């Protein structure tokens, strides 16, 4: 039976604070540095040492005695007794012993420090391979004991299901129920998953379910209104279509990807709406776009990926659009459609931004390389890409509710995150989410050798150098992991290696079904794995027999990303937990990053220097890469700020209505 408290928690959210500016922002920035000061990390590590010192005391307890102690801690946390804030270190000592007995894993001291950092509401930066999954599980037990809805958010359905099942013996022994929610589940199964103390799920699933529940409640999103309906006996009618029990606590894996890279992506709940005139207009607009020429009819802004129509094109468009449906022939609607058609033509390419499966456009996530079959581009762009590929054009969708990931995560009362790459974005984590970054030290010293970046004048020479590097490492018997930025590039490199008589495993958005299996074998002697950004996040690359003596896994980045964080993530696949390893990146002056953000005269000067192999050529090339990444990140940050301003405007606007989330 639903109580007043549980019903209140169903819709209780934290009201996000507006983004500060000017002097207030400066003072808040100082506060952020204070909250991530080195002394705090030293304190956490000291607490971890104290926990470790208690190991012998807990080891001598029987299972029954250990379980009884854990139940005692559960009562302290569940009832929020006055000493529950001082209890985590001693509780973690007991949880650590339970983990050793029921998972066969004794958390390292750095994992204990990481769990404390999560529990205290930090972004814990832990290097790849340092055991973030178990670290989150330790903190998850503490949160599960408190009785509030707790969600641990992973990057895909496979990991959500795997982690919930893998850690369930620990959770169950500690008196915490655990479940997962994945994409293929029906509403009944989802409801059961969310009823657990701790629920593992993905970002997309939790936001979609949150919005669907709000849509179902409609004007009853306020507890008071629901209580009035309860007096009228309508409680069961309200609860019948709901799946969640609310949001309160969340720890987000790969926090930099979700909080930063995907922050501007809104999740939209929509329904199809037949609109044959719009479909006809899209088809006609793309045919017109195919006849237009760049620099004559329109300008291309590669840096911002924007299209500007030339004023001289107006009269011609009036003539070309005569056969369009009347409602799309006005200058405003007409130009908007033509611009979207040109966007599809110039910036969206098959096997890069999307793939075609079963005669449908499927978007590829540019940050993870994964397919997003349930997502579509907005404002007619999706229909334009379908027209480009000569596919059946789907009718436009009517938006029922939308919510950016950035706004959603600001609703949580208690928020934390984990990632291997956080310190570059420490300021943004603090200003937008109020999350200080805590860099947890390595359990064992890193033995990764990072070779100097190779700079090339053109793509051809770059790919020759990449293949030569792979061949050389393969001759030594070392496994090689090669990171690419698109499906197309990964397939082309596979063909190049085939011409050299080398066999490789390809992991991309199209070939993803055996992801965990492929990545788990990437460390075997002589293995060659070509992967997009998806490269097995959450799956350990363990070195095969004798590989460590050969030098470990060698990682190759074939192109730099807009964010140096993503490059660092790929390098983090090698030299895990004290293993040896190496990494190298390759760049050409024809790469997308360089073409978009480095002015053409500077590019041409560097190319000439590289062709002459001058002493300054590689130095200037490296400077160009750093400058391009810095500029790309500034632009991306301004976009995120713009989304945040829109979110704030929405919050202010809704306060004049009835304050509901889903409008």
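Just one of the listed residues (296, 302) is at pLDDT 80 or above and in the same structural domain as residue 279 (by TED's automatic domain parsing), namely 296.
The residues of the range 8-17 that are loosely packed, with under 12 Cβ neighbours inside 10 Å and either more than 14 Å from residue 435 (Cα to Cα) or in the same structural domain as residue 123 (by TED's automatic domain parsing) (or both) amount to a single one, 15. Filtering the range 25-44 to residues that are free of Cβ contacts under 8 Å to residues at least 60 places away in the same chain and assigned to a loop (DSSP other than H, G, I, E, B) leaves only 37. Pairing residues of the range 338-360 that are modelled with pLDDT under 85 with residues that are in a strand (DSSP E or B) and surrounded by fewer than 18 Cβ atoms within 10 Å (Cβ to Cβ), at Cβ distances under 6 Å and at least 6 apart in sequence or on separate chains, gives 355/362.
Within the range 492-499, can one find any residue that is closer than 27 Å to residue 595 by Cα, assigned to a loop (DSSP other than H, G, I, E, B) and out of contact with any strand residue (DSSP E or B) (no Cβ under 7 Å at 6 or more places or on another chain)? Looking through the range 492-499, none of the residues is closer than 27 Å to residue 595 by Cα, assigned to a loop (DSSP other than H, G, I, E, B) and out of contact with any strand residue (DSSP E or B) (no Cβ under 7 Å at 6 or more places or on another chain). Only residues that are in contact with a helix residue (DSSP H, G or I) (Cβ under 7 Å, 6 or more places away or on another chain) and surrounded by 21 or more Cβ atoms within 10 Å (Cβ to Cβ) were counted in the range 156-166, giving 1.
Restricting 169, 89 to residues that are surrounded by fewer than 23 Cβ atoms within 10 Å (Cβ to Cβ), in a helix (DSSP H, G or I) and at pLDDT 95 or above narrows the list to 169. Picking from residues in the range 305-337 that are loosely packed, with under 12 Cβ neighbours inside 10 Å, at pLDDT 80 or above and out of contact with any strand residue (DSSP E or B) (no Cβ under 7 Å at 6 or more places or on another chain), the one that is nearest to residue 627 (Cα to Cα) is 311. The set of residues in the range 590-636 that are free of Cβ contacts under 8 Å to residues at least 40 places away in the same chain and in a loop (DSSP other than H, G, I, E, B) comprises 598, 599, 613, 614, 615, 616.
All conditions but one from (1) in contact (Cβ under 8 Å) with a residue 40 or more places away in the chain; (2) not in a loop (DSSP other than H, G, I, E, B) apply to residue 478; the one that does not is (2). When the residues of the range 256-269 are filtered to those that are part of a helix (DSSP H, G or I) and closer than 24 Å to residue 11 by Cα, which remaining residue is nearest to the chain's Cα centre (by Cα)? Result: 258. Restricting 470, 455 to residues that are within 23 Å of residue 568 (Cα to Cα), more than 24 Å from the chain's Cα centre (by Cα), part of a helix (DSSP H, G or I) and touching a residue at least 24 places away in the same chain (Cβ under 8 Å) narrows the list to 470. If you filter the range 380-391 down to residues that are part of a loop (DSSP other than H, G, I, E, B) and at pLDDT 85 or above, you find that the one that is surrounded by the fewest Cβ atoms within 10 Å (Cβ to Cβ) is 390.
A single member of 105, 112 is out of contact with any strand residue (DSSP E or B) (no Cβ under 9 Å at 6 or more places or on another chain), assigned by TED's automatic domain parsing to the domain that holds residue 135, surrounded by 12 or more Cβ atoms within 10 Å (Cβ to Cβ) and assigned to a loop (DSSP other than H, G, I, E, B), and it is 105.
The values are calculated or read from the model by the stated rules, or taken from the named source; none is laboratory data. Note that the structure is predicted; figures quoted are calculated from it, not measured. Positions of Cβ are backbone-derived with ideal geometry, glycine not excepted, and every protein chain shown enters the neighbour counts.
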